[in-house]
Amino acid sequence: MNKEKVYVVLKEKATLDIKDSIYVKDIGNVYCLNEEIRKTIEDTEVYSSKGIETWDLINTVDIVNKVLENSDVDIKFYGASDILLEIKSQEKQNKLLELLKILFVSFSLFFGAALGIMYFHEDVNMSETMKKLYFSFTGIEKDNPLLMVIPYSIGLGIGMLTFFSRVISTSKRRRMEPGPMDIELYLYDKDMEDYIMNELSKHK
C-alpha cells in the first residue's frame with residue numbers, strides 16, 4: 001500500500017513565548033490531499049520551550065522523527081533545512097516609556113546629524129567656499145553670502161529627506177520601497193541570525 005504523500009514548506013525562523021510549544025503549522029505550510037492527515041501533521045508538536053529566553057535550532061530530522069511517531073506517511077521538505085527559534089517572553093507595552101524612547105532617539109539623531117554636518121563643513125572650510133562661489137557669480141566680495149547659504153541649507157534638508165524617505169514621491173510603489181536605514185537594519189538582523197544559527201549548529 002502506497003503511503004500518503006505529504007509536502008512541508010518550512011520557514012527560516014519562528015518566535016515563541018517561553019511557555020509555548022512549537023507545532024508543525026507554526027514553522028511551515030503542510031500540503032496533503034488527505035485533509036485528516038494534513039491536520040494531524042499540522043498539530044504535531046515538534047518543540048517544547050524550556051521556560052527561559054534563548055535561541056535554539058530545530059532541523060528537518062527532528063521534525064521527521066516527531067511526525068512519524070503519529071503518522072505513517074511519505075514526507076518531503078522544502079524551504080529551510082534548519083529553523084531558528086527565538087524564545088522570549090512577551091514584553092508589557094508601556095506607552096509612556098515607548099514615547100520617551102522615541103523622543104530620546106529622535107533628539108539624539110537630530111543633534112548628532114546636525115553636529116556631523118557642522119563638523120564636516122568646518123573641516124572642508126565651507127564658509128570660505130561659499131564666499132568664493134558668491135564672488136564668482138556676482139563679482140562682489142561678501143563675508144556672509146546669505147544668497148548662497150540659505151538655498152544650500154534648504155537643499156541639504158530636502159536632499160536628506162529625499163534620500164531617507166519616499167514621502168515626496170507621487171508613485172505608490174516608490175513610497176512602499178524600503179529606505180537605506182530599513183535595508184541596513186534588515187541586513188543587521190539577517191547577519192545576526194546567520195551567526196546565531198552557525199553557532200548553534202556547532203553544538204548540535
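The values are calculated or read from the model by the stated rules, or taken from the named source; none is laboratory data. Keep in mind the model is a prediction, meaning the values are calculated, not measured. Neighbour counts run over all protein chains shown; Cβ positions are idealised from the backbone, glycine included. Accessible surface areas use protein heavy atoms only, side chains included; no ligands, DNA or RNA. Shrake-Rupley method; radii C 1.70, N 1.55, O 1.52, S 1.80 Å.
Summarising the amide proton neighbourhood of VAL46: residues at separation of 5 or more, or on other chains, whose placed amide H is nearer than 5 Å comprise ILE22, TYR23, VAL24. To the nearest ten degrees, helix 126-138 and the longest principal axis of the Cα atoms of the chain are 60 degrees apart.
Of the GluC sites (Glu not before Pro) found in the range 45-122, those that fall in a DSSP loop while having at most 13 other beta-carbon atoms within 10 Å are GLU53, GLU91. Round to the nearest 10 and give me the degree value, 0 to 90, for the angle of helix 146-164's Cα axis relative to the longest principal axis of the chain. Approximately 10 degrees, to the nearest ten. With the charge dipole of the chain set up from +1 on Lys and Arg Cβ and -1 on Asp and Glu Cβ about the Cα centre, the Cα lying farthest toward the positive end among the listed residues LEU99, MET130, LEU109 is that of MET130.
Element breakdown for the range 39-174 at a 1.4 angstrom probe: carbon and sulfur atoms account for 61% of the accessible area. Between 0 and 90 degrees, the angle of helix 60-70 with respect to the longest Cα principal axis of the chain falls at about 40 degrees. Under a straight-distance cross-link criterion of Cα-Cα below 19 Å, which aspartates and glutamates are reachable from LYS3, leaving out those fewer than 8 residues away in the same chain? The qualifying aspartates and glutamates are GLU35, GLU36, GLU42, GLU69, ASP72, ASP74.
The residues of the range 88-204 have, on average, 87 Å² of accessible surface per residue, using a 1.4 Å probe with all protein chains present.
Computing Rg and the Kirkwood Rh from the Cα coordinates of the chain gives a ratio, Rg/Rh, of 1.24. Taking a straight line from the alpha carbon of LYS132, these lysines sit under 18 Å away, with near neighbours fewer than eight places off in the same chain left out: LYS142. Bridging of LYS202 to lysines at a Cα separation below 19 Å is possible for LYS13, LYS190, once same-chain residues fewer than 8 apart are set aside.
Dividing the Cα radius of gyration of the range 1-77 by its Kirkwood radius returns 0.99 for Rg/Rh. Using C-alpha pairs below 8 Å separated by at least 6 residues, the relative contact order for the chain is 19 percent. Amide hydrogen proximity for ILE75: with H placed 1.01 Å from N in the peptide plane, the residues at 5 or more positions away or on another chain lying under 5 Å are VAL6. Projecting label points 7 angstrom from Cα along Cα→Cβ for VAL9 and SER81 puts them 2.0 nm apart.
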